[in-house]
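All of the numbers you see were taken from the coordinates with simple rules; none came from a lab. These figures come from a predicted structure and were not determined experimentally. Positions of Cβ are backbone-derived with ideal geometry, glycine not excepted, and every protein chain shown enters the neighbour counts.
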Amino acid sequence: MYHTITLKDFRPQLPRLINDVITKLYRYIVSKRGEPVAVLLSLEDYESMIETLNETGDREGLRRIKQGMAQAKKGQTVRWQDVKNKMGL
């Protein structure tokens, strides 16, 4: 799940945000002047994305990941619990 936070709020809360990324699996989109400029995610998430890109080795895989990131930035997300329910987990 992505959460949006301003750069101004991000700086003083960084230790808590890192803890949320690690323990709650949160992902943060950092905005500056109303525009998304950075993402904070766990090392595990990052490595998984890189592994996916390496495995697919094609532009289509990269396009889909970029599309998903763009949707997340727009708030077009799905709650984790809804995903688990849909998959029967």
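Descriptive notes on the structure:
- Spacing of the two label points (7 Å from each Cα toward its C-beta) at E55 and V39, in nm: 1.7 nm
- Our summary gives region 2-87 a relative contact order of 25 percent, counting only alpha carbon pairs under 8 angstrom and 6 or more residues apart.
- Debye, to nearest 20: dipole size of region 2-87, +1 on Lys, Arg Cβ, -1 on Asp, Glu Cβ: 500 debye
- Sequence-distant residues sharing a close amide H with Y26 (under 5 Å, placed H): V21
- Label selected from [x] 1.08; [y] 0.98; [z] 1.17, the criterion being Cα Rg over 2.2 N^0.38 Å as computed here: [z]
- Surrounding net charge for K66, when Lys and Arg each add one and Asp and Glu each subtract one, Cβ distance under 12 Å: +3
- Amide H partners (placed H, <5 Å) of V39, local residues excluded: V30
- Residue-averaged [θ]222 nm for the chain, counting only DSSP H segments that reach four residues, each worth -39500 (n - 2.57): -19500 deg cm²/dmol
- When DSSP beta bridges are restricted to pairs lying wholly in the chain, around 50% turn out antiparallel.
- Of the DSSP H helices in the chain, those whose Cα atoms cover at least 15 Å axially and whose Kyte score averages 1.6 or more: none
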